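What follows is a single structure, written as structure tokens, with notes after it.
The values are calculated or read from the model by the stated rules, or taken from the named source; none is laboratory data. It should be emphasised that the depicted structure is a prediction, and the values quoted were computed from it without experimental measurement. Heads up, the Cβs are rebuilt from the backbone with ideal geometry, glycines too, and the neighbour counts pull from every protein chain shown.
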Amino acid sequence: MAPANRRNPAKAKNSESDYTLVQFMKEFPNDEACLEWLWHNRFSPDGIHAHCPKCGQECAFKRYETSQQRQSWTCMACGNHVHPTAGTIFHKSSTSLHLWFYAMYLMTSTRCGISAKQLERELGVTYKTAWRISKEIRQTLMEQTDEQLGETAGVELDETYIGGKAHNMHYAKRARLGGRGTAGKAAVFGAVERKGKVVAVTVPNVDRVTLLPQVRKHVMPASTIYTDEMGAYEPLTRNGYRHERINHMEKIYVSGDVHTNTIEGFWSLVKRGIGGVHHAVSAKHLQSYLNEYVWRYNHRNDEKVMFETLLLRAVGS
């Protein structure tokens with residue numbers, strides 16, 4: 001019952017899309033199809049038998065039409081009701097399942113993200129509802145894991161600042177923040193395994209005492225680490241890492257295998273996405289937006305389509 005990862009005969013031969021809108025609408029045309037998918041993938045692969053928490057064993061279930069918004073399946077042995085949406089982000093939501101699924105499709109089918117305002121137009125809901133849906137998907141389904149990097153390749157580390165440019169700020173705000181540089185911007189630490197996954201987290205500052213715990217948390221011991229000349233990374237060798245540095249201050253950006261171009265390319269992707277799609281993101285919600293860009297980057301080479309991966313995560317698979 002998972003979305004079929006098969007070639008669409010109506011799709012152009014040179015299309016890069018693995019899962020098109022036509023395929024989505026065919027497999028999930030309405031709320032009924034979405035609810036059935038949840039039932040099959042969470043509780044009952046055959047659509048009839050499932051584990052009954054009250055009976056404590058495998059039982060036959062049947063669905064009876066009721067007046068409630070979210071339909072349930074009833075155990076034929078004891079009458080216990082099982083709700084496919086319980087314990088998921090769809091639980092107790094007044095928004096239809098079809099719109100939830102469509103929002104997930106839209107957020108996984110774009111490379112640079114989609115704004116809540118665009119979701120509002122696509123789904124035909126209020127801005128508040130569209131923002132809540134996208135926020136829930138980013139924070140819950142796209143949340144970053146604690147998986148460590150550096151098992152198979154070197155790891156690049158870098159930090160950046162995300163926020164508006166000083167010359168675009170109101171004069172009073174610019175004067176209050178100090179005018180230039182990193183004033184008023186949020187600091188972000190990132191680590192990427194070459195040809196692998198990436199991690200990006202907001203940090204209060206880029207001091208040594210802040211960044212080193214992040215390195216130990218996200219990078220495997222004894223890994224090869226590539227950084228620029230920033231002083232915060234000096235103790236990496238003493239911490240058991242093999243440390244290679246590239247000196248950007250001398251306008252050297254590549255020296256053999258030593259560079260930080262991979263992580264800087266990811267920063268470019270994030271900043272273009274935020275600037276072009278969302279225009280501005282507050283420091284309070286920045287981490288959830290980073291989650292989305294990290295999640296999309298980390299699943300870019302999966303055999304499964306991103307939409308299917310996100311759906312399966314929604315049901316805990």
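Among the listed residues T88, T140, T160, which satisfies the condition of being β-branched (V, I, T) and assigned to a helix (DSSP H, G or I)?
Result: T140 is the single residue among T88, T140, T160 that is β-branched (V, I, T) and assigned to a helix (DSSP H, G or I).
Could you identify the single residue in R42, R111 that is under 30 Å from Y297 (Cβ atoms) and surrounded by fewer than 18 Cβ atoms within 10 Å (Cβ to Cβ)?
Going through R42, R111 in turn, just one is under 30 Å from Y297 (Cβ atoms) and surrounded by fewer than 18 Cβ atoms within 10 Å (Cβ to Cβ): R111.
Kindly indicate which of A153, A172 is in a helix (DSSP H, G or I), over 22 Å from Q139 (Cα atoms) and at pLDDT below 95.
A172
Could you give me the residue pairs with C-beta distances under 7 Å whose first residue belongs to the stretch 297-308 and is more than 15 Å from A200 (Cβ to Cβ), whose second residue is β-branched (V, I, T) and not in a loop (DSSP other than H, G, I, E, B) wherever it lies, and which are 6+ apart or on separate chains?
If the second residue must be β-branched (V, I, T) and not in a loop (DSSP other than H, G, I, E, B), the pairs left are D302/T309; M306/T108; F307/T108.
With respect to the numbered conditions (1) modelled with pLDDT of 95 or more; (2) polar (S, T, N, Q); (3) crowded, with 20+ Cβ neighbours inside 10 Å, which one is the sole condition not fulfilled by T85?
For T85, the failing item is (1).
What pairs come up if the first residue lies in the stretch 31-56 and is over 14 Å from W100 (Cα atoms) and among the acidic types (D, E), the second is assigned to a loop (DSSP other than H, G, I, E, B) and modelled with pLDDT under 95, and their beta carbons are under 8 Å apart, counting only those six or more places apart or on different chains?
Once the first residue is over 14 Å from W100 (Cα atoms) and among the acidic types (D, E) and sits in the stretch 31-56, its partners that are assigned to a loop (DSSP other than H, G, I, E, B) and modelled with pLDDT under 95 give E36/M1; E36/G47.
I'm checking my understanding of the structure. Among residues of the stretch 52-79 that are in a loop (DSSP other than H, G, I, E, B) and crowded, with 16+ Cβ neighbours inside 10 Å, which one is modelled with the highest pLDDT?
Among them, the one singled out is S72.
Could you list all residues from the stretch 218-250 that are in contact with a His (Cβ under 7 Å, 6 or more places away or on another chain) and over 19 Å from N261 (Cα atoms)?
L236, T237
Could you list, in sequence order, the residues of the stretch 128-166 that are surrounded by fewer than 19 Cβ atoms within 10 Å (Cβ to Cβ) and of a type in the set (S, T, Y)?
If the condition is that a residue be surrounded by fewer than 19 Cβ atoms within 10 Å (Cβ to Cβ) and of a type in the set (S, T, Y), then T140, T145, T152, Y161 are the ones that fit.
For the stretch 280-296, check the following and say yes or no: at least one residue is acidic (D, E) and either crowded, with 20+ Cβ neighbours inside 10 Å or within 17 Å of the chain's Cα centre (by Cα) (or both).
yes
If the requirement is being of a type in the set (G, A, S) and under 20 Å from Y102 (Cβ atoms), which of these qualifies: A280, A314?
A314
What tally of residues in the stretch 194-210 results from selecting those that are over 17 Å from D146 (Cβ atoms) and crowded, with 16+ Cβ neighbours inside 10 Å?
Residues in the stretch 194-210 being over 17 Å from D146 (Cβ atoms) and crowded, with 16+ Cβ neighbours inside 10 Å: 2 in total.
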